[in-house]
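K.L.:
Submitted below is the structure of interest, expressed as structure tokens.
FYI, it's all coordinate maths here, none of it is from the lab. For clarity, every value in this text was computed on a predicted model and none was experimentally measured. Glycine gets a Cβ as well: all are built from the backbone with ideal geometry, and neighbour counts include every protein chain shown.
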Amino acid sequence: MKNAASLHRSLRIATLFAILLGTILGAAVASAAGSDRLFYLHHSTGRGFMIYGEARSYLEKVNRAGGTEAALWDHDYNFIGLLDAQGDALGYNYAIPDDDTDPRGLHRLWTTANAARDSILSDYDVIAFMSCFTACSIGTDSELEQNKIWYLEIRDVMDQHPDKQFLVMSPPPLHPGETSLVAADRARAFSQWLGSNEFLADRPNLHFMDVFDLLAHADDGSGDRNQLKAEYQRPGDPDSHPNVSAYQMVAPLLIGHMMEAAGHAVASVPEFRAPANLAQNQPNPFNPITEIVFELERSGNVALRVYSARGELVRELLHETRGEGRHRVTWDGRDSGGAMVGSGTYLYRLEAPGWQLSRKMVLTK
């Protein structure tokens with residue numbers, strides 16, 4: 001018994017030392033390069049975006065084109081741990097609680113006191129996280145509602161860190177051989193809810209990327225709706241991990257979302273065709289009328305809203321289906337009640353299929 005107790009104490013000391021070492025080294029590495037420190041927490045599908053999608057290679061193109069110096073670290077399963085800005089494993093991890101990135105695990109990570117949360121919040125400017133496809137196995141409506149509750153409580157923690165930018169990503173869809181239509185419909189409902197204003201709630205530091213919608217068959221009433229698209233399945237393999245084509249399609253969008261969250265436009269980057277682009281309003285500053293131009297790569301439902309600097313909704317300028325191409329919308333400096341708003345900085349946000357963009361504008365009097 002004495003030997004067992006001694007071994008237990010030794011293991012606890014070793015574990016605490018590993019966590020402390022990871023925290024110290026993580027802070028040092030994260031501050032060593034790049035004016036924008038990006039972080040991506042994921043499991044196996046996210047690993048595919050990083051490796052087969054060559055996400056870091058694309059970030060290099062974005063940096064060169066935009067004159068930025070962003071650097072990206074990512075964290076896989078705990079046994080793989082943290083990878084640095086060059087994609088090299090650092091030999092330690094943040095000890096993600098229970099090694100779980102499903103909604104329950106993410107809830108524990110963000111809403112309880114733990115070294116992993118402290119390290120991530122300390123080390124990085126833009127923080128992205130994604131559950132893997134297992135999170136789409138939503139067996140009942142009550143499970144769906146529980147996922148929403150967990151994410152709302154995660155959002156409460158984000159509200160305590162307005163200096164950080166958070167990118168919430170919906171989980172990738174399941175292969176038809178590993179789910180049912182009812183469960184797939186719930187997975188779609190969960191992903192749509194994450195991208196809704198009910199969840200995002202006009203928060204300037206909260207961003208969303210709909211990985212589910214990018215990879216899933218349309219919600220069209222068919223027998224393969226809301227499941228992994230055939231073109232993204234591995235031939236003859238019922239596994240839900242998508243193929244290389246899917247990884248290569250999603251990776252540039254991931255980098256684009258993270259850089260947009262960091263405040264950098266990526267529309268002009270070579271080899272990149274974003275689902276939507278949002279131009280700076282003209283004129284800016286303005287009084288009292290300004291024009292906002294956006295472009296869509298494909299038709300879909302879009303919304304354009306104006307928010308105050310505190311994140312309060314001022315006016316919904318547009319919420320309808322628009323076709324592919326360029327669109328122009330004007331704002332006359334009035335709120336939803338028709339009253340003129342005061343001088344100051346305002347945020348305008350475009351929500352389009354698979355993409356969200358925000359810009360700042362200044363009204364002067």
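K.L.:
What's the exposure ranking of Tyr307, Tyr58, going from fewest to most Cβ atoms within 10 Å?
P.N.:
Result, fewest neighbours first: Tyr307, Tyr58.
K.L.:
Run the numbers for Glu145 and Asn284: contour at 0.36 nm per residue of separation, minus the present Cα-Cα distance, in nm.
P.N.:
My answer for the length gained is 45.8 nm.
K.L.:
So how strong a dipole does the chain carry about its Cα centre when Lys and Arg Cβ are +1 and Asp and Glu Cβ are -1, to the nearest 20 debye?
P.N.:
720 debye
K.L.:
May I ask for the angle, rounded to the nearest 10°, between helix 141-159 and the longest principal axis of the chain, with both axes built from Cα atoms and the value confined to 0 to 90°?
P.N.:
80 degrees
K.L.:
Obtain the nm distance between the two label points defined at Arg225 and Arg298 by a simple spin-label model: each point lies 7 Å from its Cα along the Cα-to-C-beta direction.
P.N.:
It works out to 1.7 nm between the two label points.
K.L.:
Return the label of the correct value of Cα extents along the principal axes in Å, as calculated from the structure shown, out of (i) 54, 47, 37; (ii) 72, 55, 50; (iii) 78, 48, 40.
P.N.:
(iii)
K.L.:
Can I ask one more? Return the sequence-ordered ³J(HN,Hα) values of the stretch 95-101 in whole Hz as given by the Karplus equation 6.51 cos²θ - 1.76 cosθ + 1.60 applied to θ = phi - 60°, using x for Gly and Pro.
P.N.:
Ordered by residue, 3J(HN,Hα) equals 6, 4, x, 6, 6, 10, 10 Hz.
K.L.:
Which ³J(HN,Hα) values, rounded to whole Hz and listed in residue order, are derived for the stretch 342-349 from phi using the Karplus coefficients 6.51, -1.76 and 1.60 in 6.51 cos²θ - 1.76 cosθ + 1.60 with θ = phi - 60°, glycine and proline given as x?
P.N.:
For the stretch 342-349, the Karplus curve yields x, 5, x, 8, 10, 10, 10, 10 Hz.
K.L.:
Residues with beta-carbon under 11 Å from that of Ser131, excluding Ser131: net charge, scoring Lys, Arg +1 and Asp, Glu -1?
P.N.:
Residues close to Ser131 contribute a combined charge of -1.
K.L.:
Quick one: if the Förster radius is 30 Å, what FRET efficiency do Glu320 and Ser180 give, using the C-beta to C-beta distance and rounding to 0.05?
P.N.:
Calculated value: 0.35.
K.L.:
Given H placed on each backbone N at 1.01 Å, which residues far from Asp74 in sequence or on other chains put an amide H within less than 5 Å of it?
P.N.:
Residues meeting the criterion, in which the H sits 1.01 Å from N, are Tyr40, Leu83.
K.L.:
On to the next question. Give me the distance in nm between label points sitting 7 Å out from Cα along the Cα-to-Cβ direction at Asp118 and Asp159, one decimal.
P.N.:
For Asp118 paired with Asp159, the spin-label model returns 2.5 nm.
K.L.:
So in the chain, what percent of DSSP beta bridges are antiparallel if you round to the nearest 5?
P.N.:
Percent antiparallel among DSSP bridges in the chain is about 65.
K.L.:
In debye to the nearest 20, how big a dipole does the stretch 276-363 give about its Cα centre with +1 on each Lys and Arg Cβ and -1 on each Asp and Glu Cβ?
P.N.:
160 debye
K.L.:
Which lysines have a Cα lying under 25 Å from the Cα of Lys148, excluding residues fewer than 8 positions away in the same chain?
P.N.:
Filter leaves Lys164.
K.L.:
If you don't mind, another one. Less than 11 Å from a label point 7 Å out along the Cα-to-Cβ axis of Arg334: which backbone N atoms in the stretch 275-289 qualify, by residue?
P.N.:
Correct set: none at all.
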